[in-house]
Amino acid sequence: MQLTAYLNFDGQCREAFSTYEKVLGGRIQFIQTHGESPMKDQVSADWHDKIMHVTLEMDGGSLMGSDAPPGHYQKPQGLYVSIGVTSYDEGARIFRALSEGGRVNVPYDKTFWSPGFAMLVDRFGTPWMINCQA
């Protein structure tokens, strides 16, 4: 079994995944807009540039996502996308990048279980948890 987080956005999916690709060191393997799909006639022309599906592959996992159709986007609640890192510095770098323009819930710092842990919501509305496992 493989579990993969699927993120929904309110029109910022392309920008979010471009950021995640840089910050997390992955590579976008697939991206398709509504306008590139066989279903393009079922959405308005102003929606053709929005992302129907994207897949980002990283060492150790993947993320998928899309722009939610108009009227269907809901802010994430009750979850975090968890990132496990093996060095304090890597966790600090990811924390700084993802928290830029977002909201820090728990600053990146040492805890009784980890040399570095943080919780934040990035500028795209995605909740993240970073945990250093070293």
Set SER18, SER66, SER44: member being more than 15 Å from the chain's Cα centre (by Cα), more than 21 Å from TYR108 (Cα to Cα) and small (Gly, Ala, Ser): SER44
Condition met for ARG27 (assigned by TED's automatic domain parsing to the domain that holds GLY125, loosely packed, with under 13 Cβ neighbours inside 10 Å and either under 20 Å from MET119 (Cα atoms) or of a type outside the set (Ser, Thr, Tyr) (or both)): no
Filtered residues of the stretch 69-86 (kept if under 30 Å from ALA118 (Cα atoms) and more than 12 Å from the chain's Cα centre (by Cα)): HIS72, TYR73, GLN74, LYS75, GLN77, GLY78, LEU79, GLY84, VAL85, THR86
Strands (runs of 3 or more DSSP E) contained in the stretch 29-128 and holding at least 2 residues out of contact with any Lys or Arg (no Cβ under 7 Å at 6 or more places or on another chain), under 21 Å from GLN12 (Cα atoms) and at pLDDT 95 or above: 51-58, 61-67, 81-85, 103-109
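Yes/no matrix, rows are residues, columns are (1) of a type outside the set (Gly, Ala, Ser); (2) surrounded by 14 or more Cβ atoms within 10 Å (Cβ to Cβ); (3) touching a residue at least 40 places away in the same chain (Cβ under 8 Å):
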position	(1), (2), (3)
VAL23	yes, yes, yes
ASP49	yes, no, no
SER66	no, yes, yes
GLY71	no, no, no
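Per-residue answers, yes or no, for (1) surrounded by fewer than 15 Cβ atoms within 10 Å (Cβ to Cβ); (2) polar (S, T, N, Q):
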| position | (1), (2) |
| --- | --- |
| ALA16 | no, no |
| THR19 | no, yes |
| ALA45 | yes, no |
| LEU56 | no, no |
| ASP59 | yes, no |
| VAL85 | no, no |
| ASP89 | yes, no |
| GLU100 | yes, no |
The stretch 88-123, residues that are out of contact with any Cys (no Cβ under 6 Å at 6 or more places or on another chain) and under 24 Å from LEU3 (Cα atoms): GLU90, ILE94, PHE95, LEU98, PHE117, ALA118, MET119, LEU120, VAL121, ASP122
The one condition in (1) aliphatic (A, V, I, L, M); (2) within 14 Å of MET129 (Cα to Cα); (3) surrounded by 13 or more Cβ atoms within 10 Å (Cβ to Cβ) that LEU79 fails to fulfil: (3)
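The values are calculated or read from the model by the stated rules, or taken from the named source; none is laboratory data. What you see is a predicted model, and the numbers here were worked out from it, not measured in a lab. Reconstructed Cβ throughout: ideal geometry from the backbone, glycine too, with neighbour counts over all protein chains shown.
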